[in-house]
Amino acid sequence: IGRELHDNLGQIASIIKINLTTLRLPETETIAREKVEDSKELLKQMIQDIKSLSASLNSDRISKLGLYKVLEQDIARINRGGELEAVLTGEPWIEDLDDNKLIIIYRMSQEILNNMVRHSQAKRIRVDIQSGQNSLILNFTDDGIGFDPEESFKKGGSGLLNLQNRARMIDADFSINSSPGNGTLVTISL
């Protein structure tokens, strides 16, 4: 999927941007010119988003760079959005971890961060990685509006269920501590 996004959709978006860039409008067409300029900027952002998404879906990247580095890149992407401040703390984890487990932990991290960005209305997100001998703990914290995890599980939202199922697949503990008005803490322990 990552390669398809990069090779096909990214290519098409780039051609559209080139077409818009080479389009010549008469000076009197200011509204059309503004729309074209806006469209070029949106396409530029879409191309960057496609590149970021295709890179994040490429599991080889996770194995080569390591969990800390790919999370660091995701945090930088969140910060570039300008809506909130995200911070990654802790030490790069140097223990060997099966690539499949590493990818699952990263996919869980992506889901958690995505949920925090989209739903929490937070101003700040913090990801803390703690590692010890044969252990890895990831804490994701936001200062957002919080929610009732039990109620969300009852509603059957697929995101939280997917997180639980992925944690079970790799024998990790997964917990959510949140309540309305009090932000959220999500923990993955392996």
Residue hits (the stretch 52-95; hydrophobic (A, V, I, L, M, F, W, C) and at pLDDT 85 or above) are L67, V70, L71, I75, A76, I78, L84, A86, V87, L88
By residue number, the members of the stretch 155-189 that are closer than 16 Å to D142 by Cα, touching a residue at least 40 places away in the same chain (Cβ under 8 Å) and not hydrophobic (A, V, I, L, M, F, W, C) are G183, T184, T187
Subset of the stretch 140-162, residues of a type in the set (S, T, N, Q) and either open to solvent by less than 70 Å² (accessible area, probe 1.4 Å) or modelled with pLDDT of 85 or more (or both), comes to T141, S152, N162
_Here is a check on your reading of the model: is M108 buried (at least 16 other Cβ atoms within 10 Å of the Cβ), under 26 Å from N182 (Cβ atoms) and touching a Gly at 6+ places or on another chain (Cβ under 8 Å)?_
no
Those residues of the stretch 125-136 which are farther than 26 Å from R80 by Cα and of a type in the set (A, V, I, L, M, F, W, C) amount to L136
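The values are calculated or read from the model by the stated rules, or taken from the named source; none is laboratory data. Computed from a predicted model, the values in this text were never measured in an experiment. Ideal geometry is used to build each Cβ from the backbone, glycine not excepted, and the neighbour counts take in all protein chains shown. For accessibility, only protein heavy atoms count, side chains too; no ligands or nucleic acids. Shrake-Rupley method; radii C 1.70, N 1.55, O 1.52, S 1.80 Å.
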